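Chemist: One structure follows; several queries about it will come next.
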Amino acid sequence: MKKLLVAILLVFSLKSIAQDFEGTINWSIRMEITDPKIKAQMEEAQKNMQDPEKIKEMQQSLNDPQVKAMMEQNPQLKAQMEKALAMMQSGGINSMIPKGMIIKLKDGNMLSRLDGGFIQNDFLFLKGKDETYMIDHSAKTYVTTGKNDDAADSLDVKVTKTNESINVLNYPCTKYLVETTASGTTITQNVWATTALKGIDFSAMAKQQRAAGSKQALYFKDIDGVPLKMEMKSPEGVMTMEVTRIKRESLPRADFVLPADYKETKQGAFGF
């Protein structure tokens with residue numbers, strides 16, 4: 001499941017070249033774990049997370065004076081532990097998987113946010129600085145994930161255009177096959193892209209930055225148009241992302257500003 005979650009985060013950090021598009025794009029996310037071993041592990045973890053005794057132990061741990069003192073010194077850790085407890089109480093491991101994603105674009109800047117799931121940080125790409133920030137609002141901290149540097153490590157990616165097509169939100173989309181391999185694991189992606197949506201130039205992407213602490217990179221230079229649906233397959237499972245709404249609207253500039261009172265840290269959730 002970790003590789004599939006990293007794939008979502010890679011999408012967050014794409015260097016979007018928005019020429020004149022301003023507005024909001026909503027994505028749905030569906031995840032299916034197909035590996036029997038991982039599936040069994042997740043079922044066992046789900047059972048443990050919903051065990052009343054485990055929840056009680058977690059509550060007692062958070063009330064321990066030493067743990068409290070440690071959390072007061074580390075707001076980020078405090079936010080993560082409280083979030084973990086809330087998810088144990090609300091639905092276990094299933095509540096850790098995001099159901100969607102919201103992307104806002106303005107003047108070449110991009111703000112990304114997951115809908116649901118354990119990772120609730122914002123990802124803010126600022127075109128003027130060519131940097132992406134992972135923002136933790138609960139801890140009032142942020143991590144600079146690095147510049148979109150052409151010297152960054154990347155993968156060899158094979159992109160094949162097909163003759164297949166579908167409509168997504170009435171936009172005609174052409175299917176592309178994308179294959180990447182890292183550490184012996186191959187991820188196959190089906191990407192459906194449209195040339196009918198004007199104002200966003202994904203073909204201008206070169207290497208993207210290292211996202212989520214990974215050396216993986218996605219290339220869109222060989223895909224003509226804007227991706228509206230992506231299906232990612234790995235030995236662990238299948239994740240499907242699809243655009244459900246595109247709304248051109250005026251967005252406040254304040255949405256694309258790094259909060260002045262937030263502190264920079266070197267490490268975010270899950271060690272990213």
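Chemist: Which one is surrounded by the most Cβ atoms within 10 Å (Cβ to Cβ) among residues in the stretch 214-265 that are of a type in the set (A, V, I, L, M), modelled with pLDDT of 90 or more and in contact with a Leu (Cβ under 9 Å, 6 or more places away or on another chain)?
Modeler: L228
Chemist: Only one of (1) of a type in the set (D, E, K, R); (2) modelled with pLDDT under 75; (3) buried (at least 18 other Cβ atoms within 10 Å of the Cβ) fails for E82. Which number is that?
Modeler: E82 satisfies every listed condition except (3).
Chemist: Another question, then. Tell me, which residue of the stretch 112-160 that is surrounded by 14 or more Cβ atoms within 10 Å (Cβ to Cβ), closer than 29 Å to T244 by Cβ and of a type in the set (S, T, N, Q) is modelled with the highest pLDDT?
Modeler: My answer is S112.
Chemist: From (1) on the phi < 0 side of the Ramachandran plot; (2) at pLDDT below 80; (3) assigned to a strand (DSSP E or B), pick out the condition that doesn't hold for P172.
Modeler: Of everything listed in (1) on the phi < 0 side of the Ramachandran plot; (2) at pLDDT below 80; (3) assigned to a strand (DSSP E or B), P172 misses just condition (2).
Chemist: For L177, which of the numbered conditions (1) closer than 24 Å to L105 by Cα; (2) modelled with pLDDT of 90 or more fails to hold?
Modeler: (1)
The values are calculated or read from the model by the stated rules, or taken from the named source; none is laboratory data. Model, not experiment: these values are computed from the prediction. Don't worry about glycine lacking a Cβ; one is built from the backbone with ideal geometry, like all the others, and counts go over all protein chains shown.
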